[in-house]
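Worksheet for the structure shown next.
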Amino acid sequence: MALVTISKADVEHVALLARLELTEEEKERYTQQLNNILGYMEKMNALDTAGVEPTAHVLPMQNVFREDAARPGLPRELALHNAPQAQDGMYKVPRIV
Amino acid sequence: MEYEAVIGLEVHTELKTNSKVFCGCTTAFGGEPNTHVCPICLGLPGVLPVLNKRVVEFAIKIGLALNCKIAAFSKFDRKNYYYPDLPKNYQISQYDLPIAAGGYLPIEVNGETKSIGITRVHMEEDAGKLLHSGESISRSPYSLVDYNRTGVPLLEIVSEPDLRTPEEARAYLEKLKAILQYTDVSDCKMEEGSLRCDANVSIRPVGSDKFGTKTEIKNMNSFRALQRALEYEIQRQREVLESGGRIVQETRSWDEAKGITVSMRSKEQAHDYRYFPEPDLVPLVIEREWVEEIRRSLPELPDARKERLIRDYGLPPYDAGVITSSRDLADFFDRTVALHPDAKTVSNWVMGELLRLLNAGNLDITRSLIKPAGLAELLRLMDQGTISGKMAKVIFEEMFSTGKDPGTIVREQGLVQISDEGELAAVVDRVLAGNPGVVEDFRAGKERALGFLVGQVMKETKGKANPGLVNKLLKERLGSN
Ligand SMILES: [Zn+2]
């Protein structure tokens, strides 16, 4: 498999998706760090996993359900307690677009 | 150049469970804002979702009703994006291993049956509701968020791009709605948002097997809106291509008031969801016995029911199709026929008077004051000759608006038909004596004169004379038998 590398443009794109504002210095640093992490992945790629089933979860568990019963949630005052701003019983958020 | 449209629909339907998909908050519609919320659906730190078993059951049920294969192994994934209606900044959805896939739904348009492929059915959670302070999102200095709907279970049902006309798209959505209602997994109230539909549309020259560039249409809140939006968008794309332009792949919003689709800002379309397996939920291993148990619990579905009405009652396919388009209407029909076994007459009344009044009042059959027992009793009174067909229609309207039973209305309004031969004969004789000229005309061969005489008898009796008996008496006296 070809070596995957991360460019500064990739970091800027991911930062935008994650709503992170990075300085130029941070962009350089994270590009380097993310490439180090990918380099470690390359090491793992060297392992032979031909006979190993892919897993969807780290725990050997399946089918954990709850029954369909409603129960009271939070009182509204508590639900809104940590909201920076609220109005008319709703969370108030700044301009969206 | 002749173009054809290629349409695929993505339908989201809220499931009729008691509690949300990953927490115990109620799914009830219309509560005070932010009163159906808890730390889990608000996405507070440190909480864990636990899957509602009934959501999986409903998803399997719909998968089976849409002829899908049910996955033996399925899992949830995180779809990441930032929007204020999504408190966790990701939606728990299903990406590469949906619960059901590879099905089909037969639809009928203009008497022709066509099978529409179902790509997949997957489970996910609904988002909250935004209330914008300005007249539109871009003109709002701030917005208010209600998270009551956050975490209400949704099924997303994706069709193959097999639809070719707006009529087919509408027929598909109507059929899908009927199935969701028959299986009792959703209320499907488009006006409350419990059934929502997006469309992918492109056009191509007739005969081509390549796809053109598609646009995604959102915000169609009724069957009519779906059809109008598709008609508009197909025409718009045709005009772009015919004037030498090219279609831009984008999301467009249907503006109901203006009757047009409008491009949504590209900023809202930065689709890079970075799906990854949801670490907070363990995978699903679906036992075949469970699937078979759910299959056995499936009710008679619309197509089977339609066939039964045609086969058992000899109803015309069109009538059977209309009656079975809604489970409630079909139930009303079946219950009435159980009490009054003349299915064709019941069908005529359901298709005629009942649907006319329901449509005029924009009402649903479940809100109708007329019950099967009332309609059966009305038809019995007509069969017995107590009331005429004309009276029955008047009484039916009264039943529809007041919910009174027909016997009461007959008594209150003195609507009993005169079927006493002696009493009617006296009226007939009086009418004949009073209209010698008309009698002459009839004897001279003017058949229409008879109608006038019948009318006079009805007038004398204030419409209560039994019409069949009046005809018989007149003909006897005029010697035309
Ligand atoms: Zn909750």
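The values are calculated or read from the model by the stated rules, or taken from the named source; none is laboratory data. Nothing here was measured: the structure is a model prediction, and the numbers come from that model. FYI the Cβ positions are ideal-geometry reconstructions off the backbone, even for glycines, and counts take in every protein chain you see. For accessibility, only protein heavy atoms count, side chains too; no ligands or nucleic acids. Shrake-Rupley method; radii C 1.70, N 1.55, O 1.52, S 1.80 Å.
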Could we say that B:Pro84 is modelled with pLDDT under 95, open to solvent by less than 40 Å² (accessible area, probe 1.4 Å) and either within 16 Å of the ligand (Cβ to nearest atom) or in the same structural domain as B:Glu174 (by TED's automatic domain parsing) (or both) here?
yes
Please go through (1) under 30 Å from B:Pro33 (Cα atoms); (2) away from chain B (no Cβ under 14 Å) for A:Pro72 and return the number of the only condition it doesn't satisfy.
(2)
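Yes or no, residue by residue, for (1) under 30 Å from B:Leu241 (Cα atoms); (2) at pLDDT below 95; (3) not small (Gly, Ala, Ser); (4) not assigned by TED's automatic domain parsing to the domain that holds B:Leu363:
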position: B:Met123; (1), (2), (3), (4): no, no, yes, yes
position: B:Ile137; (1), (2), (3), (4): no, yes, yes, yes
position: B:Val145; (1), (2), (3), (4): no, no, yes, yes
position: B:Thr150; (1), (2), (3), (4): no, no, yes, yes
position: B:Asp198; (1), (2), (3), (4): yes, no, yes, yes
List every residue pair whose Cβ atoms sit under 9 Å apart, with the two residues 6 or more apart in sequence or on different chains, where the first one lies in region A:61-78 and is within 15 Å of the ligand (Cβ to nearest atom) and small (Gly, Ala, Ser) and the second, anywhere, is open to solvent by less than 100 Å² (accessible area, probe 1.4 Å) and assigned to a helix (DSSP H, G or I).
A:Gly73/A:Ala79
Kindly establish whether B:Thr251 is in the same structural domain as B:Ile62 (by TED's automatic domain parsing), of a type outside the set (Gly, Ala, Ser), in contact (Cβ under 8 Å) with a residue 24 or more places away in the chain and open to solvent by less than 40 Å² (accessible area, probe 1.4 Å).
yes
Picking from B:Val206, B:Val145, the residue that is of a type in the set (Val, Ile, Thr) and within 16 Å of the ligand (Cβ to nearest atom) would be B:Val145
Selection over region B:124-178 where residues are over 22 Å from B:Glu14 (Cβ atoms), of a type outside the set (Gly, Ala, Ser), open to solvent by 20 Å² or more (accessible area, probe 1.4 Å) and touching a residue at least 24 places away in the same chain (Cβ under 8 Å) yields a count of 7
Which number in (1) assigned to a loop (DSSP other than H, G, I, E, B); (2) in contact with a strand residue (DSSP E or B) (Cβ under 6 Å, 6 or more places away or on another chain); (3) open to solvent by less than 70 Å² (accessible area, probe 1.4 Å) marks the one condition that B:Gln237 misses?
(1)
Scanning region B:37-77 for residues that are open to solvent by less than 30 Å² (accessible area, probe 1.4 Å) and at the interface with chain A (Cβ under 7 Å from one of its Cβ atoms), the one farthest from the ligand (Cβ to nearest atom) turns out to be B:Lys75
Provide a single number: the residues in region B:20-36 that are within 8 Å of the ligand (Cβ to nearest atom) and at the interface with chain A (Cβ under 8 Å from one of its Cβ atoms).
4
